[in-house]
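Here, each number is a calculation from the coordinates, and none is a lab measurement. All values derive from a computational prediction rather than experimental measurement. Virtual Cβ from ideal backbone geometry, glycine too; neighbours counted across all protein chains shown.
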Amino acid sequence: MPNSVRAAQVISFLFGGLGLLISIVVGLVSGGDHAAATTGRFVLPMILAMLAFGFGSAGNGLRGTAAAVATLEAFRSLGSVVTKQPPGFLGVVACVAIVCALIQPSAAEWFKRPR
């Protein structure tokens, strides 16, 4: 697996895991309503983390899907920067990094390789 794909995978795992951890902590501290709202803000990063499990074996469709989800979350995170809600600026940076890693030529070669 090329370094760019591994980087996208690790960032996806960290971002999704952080969202899950923050949702659990908010639930323990503030209750279920706040936890549900926080989890709603991290649904796309959690989906991105689940997609990252397939980076080792899936084809080019998964790469496109992951890049599309990351792009959608980057735009969604721009709104959370303005409203000062999670994931905020971290979401923008993480998703831009994921998209940049997945559009590298080495990533395209990896996902298009024969199996």
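Taking packing as the residue-averaged number of other Cβ atoms within 10 angstrom, the listed peptides 70-77, 33-40, 5-12 run from highest to lowest as 5-12, 70-77, 33-40. A straight chain from Leu28 to Val93 at 0.36 nm per residue would run longer than the Cα-Cα distance by 20.6 nm. For the chain, the mean residue ellipticity at 222 nm estimated from helices alone is -27500 deg cm²/dmol, where every DSSP H run of n ≥ 4 contributes -39500 (n - 2.57) and the total is divided by all residues, rounded to the nearest 500. For the pair Ala58 and Phe75 in one chain, pulling the backbone fully straight at 0.36 nm per residue adds 3.5 nm over the alpha carbon distance.
Extending 7 Å from Cα along the Cβ direction at Lys84 and again at Leu20 yields two label points whose distance is 3.1 nm.
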